[in-house]
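Student: Please read through the structure below; I'll follow up with questions.
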Amino acid sequence: MNKKKFNILYCLQIVFIILSAFIVGYLLNYSQTGLLQTTNSILFKTNVVPYLITTLILTLLYLGAYGLFNRFFYATAVFYVFFAIYIVANKLKVIYRSEPVLPSDLSFLSNAKEMLTMISGKIVLIVVIVILLVVISCIILEKMYSKKLWRFNIVTRIILIALAVSSIGAFYNVNKEGSTINKLMTKAGYSNFTPNISMTATTNGPLLTFLGNMHVDIMDQPSGYNKTKMANLVTKYRNVADNINEKRPNNNLSDQTLIFVLSESFADPSRVPNIKINQEVAPKIMNIKKENTSGLMLSSGYGGGTANMEYMTFTGLAYNQFSKSLQSPYTQLVTKQDHPVNIVNSFQKSAAIHPFHGNFYDRQTVYPKLGFQSFRNIDSTGKLALKYTDTIGNNPYVSDESSYKNTLWQINQNKGGQFISLVTMQNHMPYNVMYDNNQFNVTNGKAAEIPQQVSNYAKSINFTDNSTQDFLDKLDTIQKPITVVWYGDHLPGLYAKNSMQKYNVVQHETDYFIYSNKYAIEHGYGTRKLTDSTEVTDPNGFIPLALKQMQQQVTPYYALLTKVQEEIPAMAKNSVGKNENLYVDSNGKQISTKNLTSSQRKLLHDYKLVQYDLTVGKGYSKSTINK
């Protein structure tokens, strides 16, 4: 520090820094709760110490920026701009996905331009204006008062920067029981072992929750895990597979065509409480569901989480059985794996189609690791370029009709069978005015912040309704066996006024159906309508359901998945309440682990052992369980 005498201006700087930390900490918590009364109760009554720790960290970060620039108002600009963006981003994610910003979300920074297109232009404009005002004001103030403010020598600057870095790094092992930081934070009232990440952020605050999830534990080791146990499980489910295969004539899966269609944000709005629309929005799909294998899919996301649903459908592994710190299996797990066991590897030919940017959720890295031989997206060029990219009206995303055309093109590239994954984009947020002549009106919009957006969404999925029927009709003209697993990944984030606590199950249920084309049914490669254990399933249940639909024989791994799908209630990662796992029975009723029978618990433990072994364990079963 220079030799100027300590004066009142220095005191004001310190007060301003600390006051700024308190204000930003408060606004961060408010961005999570959305209610002043709740925020005040948490910060000033029930969770005072975590708030003070948040303030301390923010103070150190502010001082770290000061030490870095050695200019007070430049540091102020950086501090306020960064946390203004953080607060807005957290608020938007809570609105649309009911969860806070997490370290795994940082992967989206490489797609910042594309992410901005999903946010209301008004919000972007307001944020940009505020940032410009803050930056310009700070530049002017720095020029006016620079010589009167604190300047630090090199040693002090290094210390301030080191303290800021340490305040973040100290949280690396905060969730590791027994660690020093875990013991200290637990005594201070911090807890990251609440049932869901949203509850954690509400009680601890978004900043502590973010820092607490920097280090990822993939999955806790189940009891009894060892090489012998896994060998015994492979033998056990090989016997189960033999029993299943006695009733299934087909053992040529790779010769058939299996298509997984993830229909972005598709969920019939008529099931959403406090929402009514003047007419049915997807009558054709509802009719398809009546005549074919179908039901409801229990999603582990609301308003987002598409790639997590993809992961479960490909691997058959349950997202809720992973550690809470694992928020994105694609970016946090698959990118580090070699040839993970999944349905893609059961086919000699495979292709992925996604009419959006290929690096979202690291798909360009993940898909080859899963075994996909080609990946077509809007960034693809040359032979991999999408053949069809038309849009509808003012919707910026590639239409479902074009997506289906790309899929039909891919089907015709091989005479034999193949696995195809299609992830659509047409119904992705935002749901601003996109179409002319919208015949859908919301007659009861109590659940929605903006009912007009529900009308826009209804029109959008009506286009999906028509194009899906047309797609299936075209499949029926193709002279080879084709089966389609079609599902919505999550509800759109439009129903913010509905209590998630009250409507937890219904707001995590989307639509699904499994359809075998005319050739498949006529030649013994498909089934019209399965009814056993189909009312409510989960994404990890689609592999066994598809194989049953196709009358395909199973491996020991698929035998295990079959037993899980048939005998255990649908499961998802819970988002509210005191139960970490969301289990839903065939009647759509939430049940707890206590309601499971002893045989169900044993089967669930087998499932967890296999999941652990195939992801972070020793891989004892990897070479044998899926053969």
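FYI, it's all coordinate maths here, none of it is from the lab. Note that this is a predicted model, so its numbers are computed, not measured. Backbone-built Cβ (ideal geometry, glycine too); neighbour counts: all protein chains shown.
Student: Any chance you could tell me what percent of the C-alpha pair distances in the stretch 453-547 go past 16 Å?
Tutor: Tail of the P(r) past 16 Å holds 65 percent of the pairs.
Student: Work out the charge dipole of the stretch 227-615 with +1 on the Cβ of Lys and Arg and -1 on the Cβ of Asp and Glu about the Cα centre, then indicate which of Ser374, Ser323, Thr510 is farthest towards its positive end.
Tutor: Highest projection toward the positive end goes to Ser323.
Student: Can you give the local net charge around Ser533? Use residues other than it whose beta-carbon is closer than 9 angstrom to its beta-carbon, Lys and Arg +1, Asp and Glu -1. Mind dumping the intermediate values first?
Tutor: Working: positive: none; negative: Asp532, Glu535, Glu566, Glu567.
So the environment of Ser533 carries a net charge of -4.
Student: Right, here's the next one. Which whole-Hz couplings ³J(HN,Hα) result when phi for each residue of the stretch 416-428 is put into the Karplus expression 6.51 cos²θ - 1.76 cosθ + 1.60, θ = phi - 60°, listed in order with x for Gly and Pro?
Tutor: These are the phi-based 3J(HN,Hα) values: x, x, 6, 9, 10, 10, 10, 10, 7, 9, 3, 9, 6 Hz.
Student: Further, regarding this structure: Let me check I've understood the local charge: for Tyr519, count other residues with C-beta under 11 angstrom from its C-beta, Lys and Arg +1, Asp and Glu -1. What total comes out? Display every interim value, and only then the final one.
Tutor: On the way: positive: Lys480, Lys518; negative: Asp476, Glu522.
Net of charged neighbours comes to 0.
Student: Structure shown: which of Lys529/Lys589; Lys93/Lys459; Lys93/Lys446; Lys324/Lys578; Lys415/Lys627 lie over 18 Å apart, alpha-carbon to alpha-carbon?
Tutor: Lys529/Lys589; Lys93/Lys459; Lys93/Lys446; Lys415/Lys627
Student: So if we plug the beta-carbon distance of Lys236 and Asn581 into 1/(1 + (r/R0)^6) with R0 = 22 Å, what FRET efficiency do we get, rounded to 0.05?
Tutor: On the way: r = 24 Å, r/R0 = 1.08.
Computed FRET efficiency for Lys236 and Asn581 comes out at 0.40.
Student: Can you tell me what percent of all Cα-Cα pairs in the stretch 168-306 are more than 18 Å apart?
Tutor: 77 percent
Student: Just list whichever of Lys480/Lys622; Lys369/Lys618; Lys290/Lys474; Lys336/Lys608 have alpha carbons separated by over 26 Å in the model shown.
Tutor: Lys480/Lys622
Student: Another question about this same structure. Taking the Cα centre of the chain as origin, sum charge times position over the Cβ atoms of Lys and Arg (+1) and Asp and Glu (-1), and report the length of that vector in debye to the nearest 20.
Tutor: Working: 60 positive and 40 negative charges, 420 e Å.
In debye, rounded to 20, the chain gives about 2020.
Student: Sticking with this structure for a sec: What is the calculated FRET efficiency for Asp390 to Ile123, with r their C-beta to C-beta distance and R₀ = 35 Å, to the nearest 0.05?
Tutor: Calculated transfer efficiency: 0.75.
Student: Amide H of Asn427: which non-local residues (sequence gap of 5 or more, or other chain) have their own amide H closer than 5 Å, using H built in the peptide plane?
Tutor: Answer set, sorted by chain and number: Glu264.
Student: Additional query: Using per-residue counts of other Cβ atoms within 10 Å, averaged over each peptide, order 564-576, 584-596 from highest down.
Tutor: Packing order, densest peptide first, comes out as 564-576, 584-596.
Student: Residues with beta-carbon under 13 Å from that of Asp489, excluding Asp489: net charge, scoring Lys, Arg +1 and Asp, Glu -1?
Tutor: -4
Student: In addition: Highest first, please rank the peptides 392-401, 153-162 by the mean number of other Cβ atoms sitting within 10 Å of their residues. List each step's numbers first, then the result.
Tutor: Numbers: 392-401: 19.7, 153-162: 14.1.
Ranked from most to least packed, the peptides come out as 392-401, 153-162.
Student: In whole Hz, what ³J(HN,Hα) sequence does the stretch 37-46 give by Karplus (6.51, -1.76, 1.60; θ = phi - 60°), x for Gly and Pro?
Tutor: 4, 5, 4, 4, 5, 5, 6, 10, 10, 8
Student: Above 33 angstrom, tally the Cα pairs of the chain and express them as a % of all pairs, no decimals.
Tutor: I get 49 percent for the Cα pairs in the chain exceeding 33 Å.
Student: Could you sort 437-448, 460-471 so that the peptide with the highest average Cβ count within 10 Å comes first and the rest follow in order?
Tutor: Ranked by mean Cβ neighbours within 10 Å, highest first: 460-471, 437-448.
Student: Determine the principal axes of the Cα atoms in the stretch 8-212, then give the extent along each, sorted from largest to smallest and rounded to whole angstroms.
Tutor: Projected onto the principal axes, the Cα atoms of the stretch 8-212 cover 52, 44, 34 Å.
Student: Return the whole-Å distance between the Cα centroid of the stretch 273-320 and the Cα centroid of the stretch 396-439.
Tutor: 16 Å
Student: Kindly state, to the nearest 0.05, the FRET efficiency for Val15 paired with Asn359, given R0 = 51 Å and r defined as their beta-carbon distance.
Tutor: 0.70
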